[in-house]
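Visitor: Shown below is the structure under consideration.
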Amino acid sequence: MLFRSPQQPPAPLQAPWDGVPERYRDLPKLGAGALEIPASLTAWQSQRDRVRQIVLNSLGDLPPRPAALQVRVLSTDHKDGYRIEKFVFDNGIDSSVPGYIAIPDRRSGRLPAILTMHGHGSSKENMFGYQPTSQNVAEMLAKRGYVVLGIDSYFNGERRGTGPAGDLEMQQQRADQEMSLFKLNLWLGRTLWGMMLRDEQIALDYLASRPEVDPARIGVQGMSMGSTRAWWLAAIDDRVKAVVGVACFTRYQDLIAIRALRAHGIYYFVPGLLKHFDSEGVMALLAPRPFLALTGDRDAGSPPEGMKTLESILNRFYALYNRPQAFQSIIYPETGHVYNDDMKQKMLAWFDRFL
């Protein structure tokens, strides 16, 4: 999601609102709304459907997912203790979507599964070890007994050069394809972010259909853009039973306050959301399902003040269900936009505990 390389030093801290022009400081006057924090579980249950509908509406007029998903397995790669199948499915609108699924060799009954999501500028190759980065999680999860599935998102991986301008976008900056997809989807009454989440829902359809998978034990995890997709997907799809988001635990108004809207790609901006509430309105829909956020305090796209606000609000929502242990936010000091080894171990422990 961030355009800054994870290898760069942590972003310097800025005091909230310092340097923001006066007329942009009073967000309620600009039309920003606030989430009503319910006093009881009954009160929340009466408003939850309305909040979810606002979230869904912000994604635009999304086409229905394919009723009968056609998946082709292209190859099988046998690893130590598991195999990786490469597959492709048609999303029914504009793309053939390639992905990998890792399946443990040793199985007794149906297994829990993880849908894993890559970051901005990354790909399924990074998550499954073919082009290793810190996002390489498939092997450790598969050897732990999880089925693991991940796809290339729009404008990433093998889908580069498959946007509206075709291979012309391979010759230019990645952002050209991202921008053209963003513009085209607006003209069609939908959003690029909604279409990205729609592809992940199709991936969930396939994952849940696999005979090796227990569809009642599916978690999602991702870093950066993948982190944001993870909690947005869980907000709109109850099939997700546990979430781990690494980096980008972001509250949008606090992003404005530190003059960092540039820190996130345009793909995830959706119309109208701030008229009603901030990102806590999306994340609240996860409760009472387990949600672990792992974030560096110097992550340029995750203002510390916003993380504190999100922690406070989400703790209250999970308390409504008497499940405070199901939400945890860990903020790493002097740490930037990374997926480190400690985060990976905490991710594994979270899924072991809740799936």
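Visitor: Looking at the structure I just gave you, is ILE37 within 22 Å of the chain's Cα centre (by Cα) and either of a type in the set (Val, Ile, Thr) or part of a helix (DSSP H, G or I) (or both)?
Guide: For ILE37, the condition - within 22 Å of the chain's Cα centre (by Cα) and either of a type in the set (Val, Ile, Thr) or part of a helix (DSSP H, G or I) (or both) - is not met.
Visitor: Follow-up question, since we're still on this one. If I ask for residues that are closer than 25 Å to ASP352 by Cβ and either basic (Lys, Arg) or surrounded by fewer than 20 Cβ atoms within 10 Å (Cβ to Cβ) (or both), which ones from the range 303-319 would you list?
Guide: GLU311, ASN315, ALA319 - these are the residues of the range 303-319 that are closer than 25 Å to ASP352 by Cβ and either basic (Lys, Arg) or surrounded by fewer than 20 Cβ atoms within 10 Å (Cβ to Cβ) (or both).
Visitor: Run down SER123, SER180, SER108 and say which single residue is among the polar types (S, T, N, Q), free of Cβ contacts under 8 Å to residues at least 40 places away in the same chain, surrounded by 17 or more Cβ atoms within 10 Å (Cβ to Cβ) and more than 23 Å from VAL338 (Cβ to Cβ). Let's see the steps before the verdict.
Guide: Values: SER123 fails: more than 23 Å from VAL338 (Cβ to Cβ); SER108 fails: surrounded by 17 or more Cβ atoms within 10 Å (Cβ to Cβ).
Unique residue meeting the criteria: SER180.
Visitor: While we're on this one: Give the number of residues within the range 157-187 that are modelled with pLDDT of 95 or more and out of contact with any Asp or Glu (no Cβ under 8 Å at 6 or more places or on another chain).
Guide: So the count comes out to 7.
Visitor: Further question on the same structure: So ASP61 clears everything in (1) within 28 Å of ARG144 (Cα to Cα); (2) touching a strand residue (DSSP E or B) at 6+ places or on another chain (Cβ under 8 Å); (3) not small (Gly, Ala, Ser) except one condition, right? Which one?
Guide: (1)
Visitor: Which residues, counting only those in the range 65-78, are surrounded by fewer than 17 Cβ atoms within 10 Å (Cβ to Cβ) and either without any contact (Cβ under 8 Å) to a residue 24 or more places away in the chain or within 16 Å of GLY150 (Cβ to Cβ) (or both)? Let's see the steps before the verdict.
Guide: Initially, the range 65-78 is screened for residues surrounded by fewer than 17 Cβ atoms within 10 Å (Cβ to Cβ), giving 65-70, 72-78.
Across the range 65-78, the qualifying residues are ALA67, ALA68, GLN70, ARG72, VAL73, LEU74, SER75, THR76, ASP77, HIS78.
Visitor: Here's a follow-up. Considering the range 258-310 alone, what residues qualify as being among the hydrophobic types (A, V, I, L, M, F, W, C), outside any strand (DSSP E or B) and under 26 Å from PRO38 (Cβ atoms)? Before you say what the answer is, go through the steps one by one.
Guide: First, the residues of the range 258-310 that are among the hydrophobic types (A, V, I, L, M, F, W, C): 258, 260-261, 263, 266, 269-270, 273-274, 277, 282-287, 291-294, 300, 307, 310.
If we keep only those that are outside any strand (DSSP E or B) as well, we get 258, 260-261, 263, 266, 269-270, 273-274, 277, 282-287, 300, 307, 310.
If the condition is that a residue be among the hydrophobic types (A, V, I, L, M, F, W, C), outside any strand (DSSP E or B) and under 26 Å from PRO38 (Cβ atoms), then VAL270, LEU273, LEU274, PHE277, VAL282, MET283, ALA284, LEU285, LEU286, ALA287, MET307, LEU310 are the ones that fit.
Residue-wise test of (1) in a strand (DSSP E or B); (2) more than 22 Å from the chain's Cα centre (by Cα).
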| site | (1), (2) |
| --- | --- |
| LEU69 | no, yes |
| ASP94 | no, no |
| GLY99 | yes, no |
| ALA113 | yes, no |
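Visitor: Determine if the range 314-327 includes at least one residue that is at pLDDT 95 or above, in a strand (DSSP E or B) and not β-branched (Val, Ile, Thr).
Guide: Pass one, the range 314-327, residues at pLDDT 95 or above: 314-327.
Retained after the next criterion (residues that are in a strand (DSSP E or B)): 327.
Adding the requirement that they be not β-branched (Val, Ile, Thr) leaves 327.
Checked the range 314-327: at least one residue is at pLDDT 95 or above, in a strand (DSSP E or B) and not β-branched (Val, Ile, Thr).
Visitor: Would you point out which residue out of ARG229, ARG190 is farther than 27 Å from ALA349 by Cβ, in contact (Cβ under 8 Å) with a residue 24 or more places away in the chain and surrounded by 18 or more Cβ atoms within 10 Å (Cβ to Cβ)? Spell out how you get there, then give the answer.
Guide: Details: ARG229 fails: farther than 27 Å from ALA349 by Cβ.
Exactly one of ARG229, ARG190 is farther than 27 Å from ALA349 by Cβ, in contact (Cβ under 8 Å) with a residue 24 or more places away in the chain and surrounded by 18 or more Cβ atoms within 10 Å (Cβ to Cβ), namely ARG190.
Visitor: Moving on. I'd like the full set of residues that are hydroxyl-bearing (Ser, Thr, Tyr) and either closer than 12 Å to GLN201 by Cβ or not in a helix (DSSP H, G or I) (or both), limited to the range 221-246.
Guide: Quick first cut of the range 221-246, residues hydroxyl-bearing (Ser, Thr, Tyr) only: 224, 227-228.
Scanning the range 221-246 gives a single hit, SER224.
Residues checked against (1) under 23 Å from the mean Cα position of the chain (by Cα); (2) part of a strand (DSSP E or B); (3) among the β-branched types (Val, Ile, Thr); (4) on the phi < 0 side of the Ramachandran plot:
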{"residue": "TRP17", "(1), (2), (3), (4)": "no, no, no, no"}
{"residue": "PRO28", "(1), (2), (3), (4)": "no, no, no, yes"}
{"residue": "ALA32", "(1), (2), (3), (4)": "no, no, no, yes"}
{"residue": "GLN45", "(1), (2), (3), (4)": "no, no, no, yes"}
{"residue": "ARG48", "(1), (2), (3), (4)": "yes, no, no, yes"}
{"residue": "ILE54", "(1), (2), (3), (4)": "yes, no, yes, yes"}
{"residue": "ASN57", "(1), (2), (3), (4)": "yes, no, no, yes"}
{"residue": "PRO66", "(1), (2), (3), (4)": "yes, no, no, yes"}
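Visitor: Out of (1) over 15 Å from SER227 (Cα atoms); (2) modelled with pLDDT under 95; (3) buried (at least 18 other Cβ atoms within 10 Å of the Cβ), the odd one out for ALA300 is which?
Guide: (1)
Visitor: Assess whether ARG262 counts as being basic (Lys, Arg), closer than 28 Å to GLY121 by Cβ, surrounded by fewer than 20 Cβ atoms within 10 Å (Cβ to Cβ) and out of contact with any strand residue (DSSP E or B) (no Cβ under 8 Å at 6 or more places or on another chain). Steps first, please.
Guide: Working: basic (Lys, Arg): yes; closer than 28 Å to GLY121 by Cβ: yes; surrounded by fewer than 20 Cβ atoms within 10 Å (Cβ to Cβ): yes; out of contact with any strand residue (DSSP E or B) (no Cβ under 8 Å at 6 or more places or on another chain): yes.
When the stated conditions are applied, ARG262 passes them.
Visitor: Filter the range 118-133 for residues that are in a loop (DSSP other than H, G, I, E, B) and either farther than 11 Å from ASN156 by Cα or of a type in the set (S, T, N, Q) (or both) and give the result. Show your work before the answer.
Guide: Filtering the range 118-133 for residues in a loop (DSSP other than H, G, I, E, B) gives 118-123, 128-133.
Scanning the range 118-133 gives SER122, SER123, PHE128, GLY129, TYR130, GLN131, PRO132, THR133.
Visitor: Which of the residues belonging to the range 127-151 are touching a helix residue (DSSP H, G or I) at 6+ places or on another chain (Cβ under 8 Å) and crowded, with 24+ Cβ neighbours inside 10 Å?
Guide: Matches in the range 127-151: MET127, PHE128, GLN135, VAL137, ALA138, LEU141, TYR146, VAL147, VAL148, LEU149, GLY150, ILE151.
The values are calculated or read from the model by the stated rules, or taken from the named source; none is laboratory data. All values derive from a computational prediction rather than experimental measurement. Here Cβ is always computed from backbone atoms with ideal geometry, including for glycine, and neighbour counts include all displayed protein chains.
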